[in-house]
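*Asks:* Quick one: this structure, given as structure tokens, is what I'll be asking you about.
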Amino acid sequence: MTSGTGLEIPSHLNWMRRRALEDPEEFWGKIAENIHWFKPWDRVFKWEYPEFSWFPGAETNISYNCLDYHLSKGRGNRAAIIWESGEGEQTQVITYNQLHYRVERFAAALRAMGVNKGDRVTIYMPMIPEAAIAMLATTRIGAVHSVVFGGYGYGALADRIIDAESRIVITSDVGYRKGKPVSLKRTVDQALAVAKCVEKVVVLEREGGAEMVEGRDITWDQALDLGRGESGKAIPVDANHLAFILYTSGTMSKPKGTVQPHGSYQVWITAMAKWVYDMKPEDVWWSTSDVGWIVGHSYVVYAPLLIGCSTIMYEGVPTHPSPDIWWDIIERNRVTQLWISPTGVRALMQEGIEYPRKHDLSSLRLVLCAGEVLNPPAYEWLHKDVLDGRVPVIDHMWQTESSGPMVGNPYGICMLPIKSGAATIPLPGIDADVVDEEGKSLPPGSKGNFVVRKPFPGLTPTLWRDHERYLAFYWNTIPGVYYTGDSAIIDEDGYVWFQGRADEVIKISAHRIGTIEIESALLAHPKVAETAVVGEPDELRGEVAAAFVVLNPGESGSEELAQELRTLVRDMLGPIVIVGHLYFVTKVPKTRSGKIMRRILKSLMADKPLGDYTTIEDPSAIEEAKEAIKTLQ
């Protein structure tokens, strides 16, 4: 972390940040005028700690604002969705006119199947346009979608269907991964052996031949036929009527069903699209996330369509069928902004600099990273080696519960100096602080819990049918503030440096050190591709760091290299940071969204139950870590 530099934040940005906290009613009322409302609000913000609501009395519809509103302004012939696939190298362009037509037809089909306002619809699909069509059709008629990532197994899918009490499941017969078909329909069938609430399953046929259950399953085309004669028009809904439920990844307990209403969600994600992502109607925007995650909801589907730009949906992985597929997509589509996770950056980094250098990337004006901390080596490679220092690479932070950015560099307002490894500043509307366990503010440079003192429009107002759990975890873990679960430092300039989850802080000889800091130090070694650090018990120091290290292709582990890495950490972070066991592995356990599952490694080291790991990308990573631990201990 760098020290303060005497940074002066531009006056207009300072005014926005101050005004959003001092008079949220006036501030967010003005911002909300930028979206269409069928009926205005009675008031902007109602808050009696910890209960809050935004725009009570107003009526809107997010699907209408994504589609019909643009058609009314003569923008129907613009490209809305550009679908790209690494699975067969297909592409498809859908205009706003065409998307409106297809959404309206599927909305009519949902009505014909008996879906009413407030009913839940589970969507379990690959990254294809029909996934977005199903989402927009569901919200169009006031129903509530629950999108489940298409890589989840049947147990995770069943849990989410049961909790949402969905009557309808929309799926595809197959998805594709690295050229191989993956049967989604079979997973749905397995899930519905447990989840008995589902009445209809709509199956989009990509290959055909999926086993269909008579009386329950119909094809996508049959559903459209059912809808003939039904209306697919958008209906006005109350601003606080739910648009969707989105479950966070399960850990030791059941997944948390975060929710977002039509009104405040639109206001927040469009404001952040403009302020942080500089999103404009003429842009070709690409977020590499899946629609099964909040980034996919907010910044693959909803915000780009609300803004009126072209959004790329990509089916596939970063390096298949060729290591330069992503760079090729950027060049061919003249992508203007790229949203990518640090995991994605590291995957591309391992393939080498020759691949991006084969392509014209001059259309890019901004690159965004989030999901976990963008380590300095990955930042340097992307910003300097790939983009020649021409394009800002902006790290920022948000979470499923916030629906959009909380801390970032407000590039669309004014560009602030970048500090590699920092998420920059709390954005307008975020009353942020770093506090101790009792809620006491800590001085600059001190590690603590990153909290928010007031609600903001993007914040989930509850958990689906579990308000007590919502209050207990988010508002009462540290009473009086919203608890994010993240550990952070705020420096003298007000920049926020995230240190990982609050339970990913290691205490060595009473000194607190974030796992992210140690991982960043290890990644500075030229032979290291990826690493995951957890704490392990130590009789003398209480706790030391244990590191699981993935080397670059062609490199091999040795005791000499392990000692080199320990010395590097010591040199970079100081002698208090002790790395105990260091394990060389070929992969670390990750969720399918690319987040490292450090709790799994911690449980393996302590020989404790692993809990729910249905979100894991590759279960063999667990066995490899287990063997590595056994060998050294």
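*Asks:* Give me a count of the residues in region 386-410 that are part of a strand (DSSP E or B) and within 24 Å of Thr460 (Cβ to Cβ).
*Replies:* Result for region 386-410: 4.
*Asks:* Do any helices (runs of 4 or more DSSP H) entirely within region 95-210 hold 3 or more residues that are farther than 21 Å from Ser298 by Cα and under 22 Å from the mean Cα position of the chain (by Cα), and if so, which?
*Replies:* Counting at least 3 such residues, we get 154-164.
*Asks:* Okay, moving on. Give region 605-621 a look and list any residue that's under 26 Å from Asp538 (Cβ atoms), in a helix (DSSP H, G or I) and more than 24 Å from the chain's Cα centre (by Cα), or say none.
*Replies:* Hits for region 605-621 are Met605, Ala606.
*Asks:* Filter region 462-472 down to the residues that are in contact (Cβ under 8 Å) with a residue 60 or more places away in the chain and either surrounded by fewer than 21 Cβ atoms within 10 Å (Cβ to Cβ) or over 23 Å from the mean Cα position of the chain (by Cα) (or both) and list them by number.
*Replies:* Selection gives Thr462, Arg465, Asp466, Arg469, Leu471.
*Asks:* Something else: Being of a type outside the set (Ser, Thr, Tyr), at pLDDT 95 or above and part of a loop (DSSP other than H, G, I, E, B) is the filter; apply it to region 212-231 and report the residue that is surrounded by the most Cβ atoms within 10 Å (Cβ to Cβ).
*Replies:* Filtering region 212-231 for residues that are of a type outside the set (Ser, Thr, Tyr), at pLDDT 95 or above and part of a loop (DSSP other than H, G, I, E, B), the one surrounded by the most Cβ atoms within 10 Å (Cβ to Cβ) comes out as Gly227.
*Asks:* Right, here's the next one. How do the pairs read when you match residues in region 518-538 that are more than 17 Å from Met349 (Cβ to Cβ) and in contact (Cβ under 8 Å) with a residue 24 or more places away in the chain with residues anywhere that are among the hydroxyl-bearing types (Ser, Thr, Tyr) and crowded, with 24+ Cβ neighbours inside 10 Å, using Cβ under 6 Å and keeping only pairs 6 or more apart or on different chains?
*Replies:* Final answer for the pair search is Val533/Thr515.
*Asks:* Can you confirm whether Ile340 is among the hydrophobic types (A, V, I, L, M, F, W, C), within 26 Å of Val373 (Cβ to Cβ), touching a residue at least 24 places away in the same chain (Cβ under 8 Å) and in contact with a Ser or Thr (Cβ under 6 Å, 6 or more places away or on another chain)?
*Replies:* It is true that Ile340 is among the hydrophobic types (A, V, I, L, M, F, W, C), within 26 Å of Val373 (Cβ to Cβ), touching a residue at least 24 places away in the same chain (Cβ under 8 Å) and in contact with a Ser or Thr (Cβ under 6 Å, 6 or more places away or on another chain).
*Asks:* Would you be able to say whether some residue in region 519-527 is of a type in the set (Asp, Glu), modelled with pLDDT under 85 and within 18 Å of His581 (Cβ to Cβ)?
*Replies:* Within region 519-527, none of the residues are of a type in the set (Asp, Glu), modelled with pLDDT under 85 and within 18 Å of His581 (Cβ to Cβ).
For every residue, the table says whether it meets (1) within 20 Å of Ala132 (Cβ to Cβ); (2) surrounded by fewer than 24 Cβ atoms within 10 Å (Cβ to Cβ); (3) touching a strand residue (DSSP E or B) at 6+ places or on another chain (Cβ under 7 Å); (4) of a type in the set (Phe, Trp, Tyr).
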position	(1), (2), (3), (4)
Val148	yes, no, yes, no
Ala156	no, yes, no, no
Ile161	no, no, yes, no
Ser166	yes, no, yes, no
Val169	yes, no, yes, no
Asp173	yes, yes, yes, no
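*Asks:* How about region 556-597: which of its residues are within 32 Å of the chain's Cα centre (by Cα), of a type outside the set (A, V, I, L, M) and modelled with pLDDT of 90 or more?
*Replies:* Of everything in region 556-597, those that are within 32 Å of the chain's Cα centre (by Cα), of a type outside the set (A, V, I, L, M) and modelled with pLDDT of 90 or more turn out to be His581, Tyr583, Phe584, Thr586, Lys587, Pro589, Lys590.
*Asks:* Looking at (1) crowded, with 22+ Cβ neighbours inside 10 Å; (2) in a helix (DSSP H, G or I), can you tell me which one Ala547 breaks?
*Replies:* If we test Ala547 against (1) crowded, with 22+ Cβ neighbours inside 10 Å; (2) in a helix (DSSP H, G or I), just (2) comes out false.
*Asks:* Quick one: is Ala108 more than 21 Å from Pro304 (Cα to Cα), at pLDDT 95 or above, surrounded by fewer than 19 Cβ atoms within 10 Å (Cβ to Cβ) and among the hydrophobic types (A, V, I, L, M, F, W, C)?
*Replies:* no
*Asks:* List every residue pair whose Cβ atoms sit under 7 Å apart, with the two residues 6 or more apart in sequence or on different chains, where the first one lies in region 592-620 and is surrounded by 17 or more Cβ atoms within 10 Å (Cβ to Cβ) and the second, anywhere, is assigned to a helix (DSSP H, G or I) and charged (D, E, K, R).
*Replies:* Leu604/Lys626
The values are calculated or read from the model by the stated rules, or taken from the named source; none is laboratory data. What you are looking at is a predicted structure, and each value in this text was computed from that prediction instead of being measured. Cβ: placed from backbone, ideal geometry, glycine included. Neighbour counts: every protein chain shown.
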